[in-house]
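**Student:** Have a look at the structure that comes next, please.
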Amino acid sequence: MSEITFQDLALADPIQRALKAKGYTTPSPIQAKAIPVLLEGHDLLACAQTGTGKTAAFALPVLDGFARNPRKPFRRGVRCLILTPTRELAVQVTESFKTYGEGLGLKIGMVFGGVSEKPQIKALYGGLDVLVATVGRLLDLKQQGHVDISQVDTFILDEADRMLDMGFIRDIRKIAAAIPQQRHTLLFSATMAPEITELANSLLNNPQEIRIAPQGTTAEKIDQHVLFVKKTDKQALLLDLIQEHQHKSANNELSLIFSRTKHGAKNLAKKLCSVGIEADSLHGNKSQNARQKTLDMYKKGEVRVLVATDVAARGIDVKNITLVINFDLPMESDAYVHRIGRTARAGTSGKALSFCSEDEVALLRQVEKLIKRRVPIYQHEYHAAQIEHHHTSGAPAQKPKQGGGGGGRGGNRGPRSGGGGKRGPRSGGGSGGAQRSARPQGGTGGNPKPQSDSRPTGGFQKGAGQRSNRSRGRNR
């Protein structure tokens, strides 16, 4: 059977030209399955891991609907409303709509917190074809009378599982209650927890369901390994790995490091900068302008290493990330899938390394249970055999308290378990102790089938008045 192309999909000519201009010819699996369903006007519940092109899977059909049914938005009104969990993801989705809808003359805007309301209010005044919003700012502006969602005909929840994790379920229901019952509704999620199914049942009307990868799977092209290391040795190990990666990789290859805390992310970035590595941090304490500036510099390669927290993780859609390091393992195992999904995007390959200290053994077991495979071990100079034994022995382990090791102060580490307080030279071939260049050991287990993200993100067309029963949420 021949492979489907974008030309085979019934998308309007302006959208086909935009895809051709970007060099996109073949849709990713989620796009190939979702776009025809949405063009037929069905509601959709879609589950696909991060990095598979979900944004284009809904953006392209939405834009097709606008191309075939042009209509000027009314004052302060919105035709298509898209909710996202973070500011960064809102920016990413908005950019996708502008790219693929370039020839349609649409009014596309976004609203999110952390910046002044005034420019957003001004953009809303004339009405918008597409509004991408974070939940809190949208409700604030609605309460003030600056946006009217009473005539929305397409409602999309992007990364719904993350919004539920962030406690937005009541606010989502409140927004849904203010939208017409006859509407086209889509829910996209990287995981399909029972809460997501329950939300979908209340918002969607007889939806089609698409699952591209089983819950908890990770892309096959991601080379995953775990590094057992004492918490006091984490910073030294990180510096070694980043320096080695930059020495061996091309100048345009980027590294992404995850810290469990905002304080830890900031301190790690400072530590990297102090040894001459171009690094910056991305976390909730930064203003929106500062966060966007950091992301722009990262995309351009002016900063080759970014240290981020989970809150910002899903808004990072950057090419050339070839190394992801979990400096702290996430408290929730789902976040592991989202974190490492920042690499091996658009069909490329990438490496994901996860540090595991004594108090993170329970978190590692949680991850392995979710992805249904053992994460191979990566040997390195600071390897902590006793932590590896604790993990593999199955002995009881407790989850750590909230917080991480990223906030350690400038390398206050104790002596390594292999002897000596200071690191020796890195010359290879020494007979005593492990060499510092890390080597994977152990099998990779049954990797799931790779999911390509070589295409855009987003797409669909509004169906003829479909909608379901929904519950009305309480006020915040």
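Each reported figure results from applying straightforward, stated rules to the coordinates on display, with no laboratory input. None of the values given here were measured: they were computed from a predicted structure. When we count neighbours, we look across all protein chains shown, and the Cβ atoms used for this are built from the backbone with ideal geometry, even at glycine.
**Student:** Give me the lysines in straight-line cross-link reach of LYS122: C-alpha distance below 28 Å, same-chain residues under 8 apart excluded.
**Tutor:** LYS72, LYS98, LYS107, LYS142, LYS174, LYS286, LYS293, LYS462
**Student:** A follow-up question, please. How high is the relative contact order of the stretch 6-211, given as a whole-number percent (alpha carbon pairs under 8 Å, six or more residues apart)? All intermediate terms of the calculation are to be shown ahead of the outcome.
**Tutor:** Working: 356 pairs, mean separation 58.5, N = 206.
With pairs under 8 Å counted, the relative contact order is 28 percent.
**Student:** At what distance in nm do the modelled label points of SER150 and GLU244 sit from each other, each positioned 7 Å from its Cα along Cα→Cβ?
**Tutor:** Roughly 6.3 nm, to one decimal.
**Student:** Continuing with the same structure: Can you list the equivalent-ellipsoid semi-axes of the stretch 6-211, largest first and in whole Å, using the square root of 5 times each Cα gyration tensor eigenvalue? All intermediate terms of the calculation are to be shown ahead of the outcome.
**Tutor:** On the way: eigenvalues 115, 89, 47 Å².
Listed largest to smallest, the semi-axes of the stretch 6-211 are 24, 21, 15 Å.
**Student:** Can you return the aspartates and glutamates within cross-link range of LYS221? Criterion is Cα-Cα under 14 Å, with same-chain partners fewer than 8 residues away left out.
**Tutor:** ASP453
**Student:** Hey, which of these cross-link pairs are over 27 Å Cα-Cα: LYS300/LYS369; LYS266/LYS319; LYS54/LYS369; LYS271/LYS351; LYS20/LYS54? Write down the numbers at each step before the final one.
**Tutor:** Details: LYS300/LYS369 37 Å; LYS266/LYS319 23 Å; LYS54/LYS369 25 Å; LYS271/LYS351 22 Å; LYS20/LYS54 19 Å.
Beyond 27 Å: LYS300/LYS369.
**Student:** Based on the alpha carbon coordinates of the stretch 105-240, what radius of gyration and maximum Cα-Cα distance (Dmax) apply, in Å?
**Tutor:** When restricted to Cα atoms, the stretch 105-240 yields Rg and Dmax of 19.7, 58 Å.
**Student:** What ranking of ARG79, ARG173 emerges when the number of other C-beta atoms within 10 Å of each C-beta is taken as an exposure proxy, fewest first?
**Tutor:** Numbers: ARG79 24, ARG173 17.
The most exposed by this proxy come first: ARG173, ARG79.
**Student:** Given R₀ = 25 Å, FRET efficiency for ARG71-ARG17 by Cβ-Cβ distance, to 0.05? Please list the in-between numbers first.
**Tutor:** Working: r = 22 Å, r/R0 = 0.87.
Between ARG71 and ARG17 the formula returns 0.70.
**Student:** Now for a different question. Might you report the magnitude of the Cβ-based charge dipole of the stretch 6-211 about its Cα centre, with Lys and Arg at +1 and Asp and Glu at -1, to the nearest 20 debye? Present the calculation step by step, with values, prior to reporting the outcome.
**Tutor:** Working: 24 positive and 21 negative charges, 146 e Å.
Dipole of the stretch 6-211, to the nearest 20 debye: 700 debye.
**Student:** Moving on. Whose amide H sits under 5 Å from the amide H of VAL229, counting only residues 5 or more places off or on another chain, with H placed in the peptide plane?
**Tutor:** Long-range HN contacts for VAL229: CYS356, SER357, ALA384.
**Student:** Moving on to the next point. Can you list which of the GluC sites (Glu not before Pro) found in the stretch 131-201 are DSSP loop residues with at most 13 other C-beta atoms within 10 Å? It would help to have the intermediate numbers written out before the result.
**Tutor:** Values: sites: GLU159, GLU195, GLU198; in loops: GLU159.
Counting only loop positions with at most 13 other Cβ atoms within 10 Å, none of the GluC sites (Glu not before Pro) in the stretch 131-201 qualifies.
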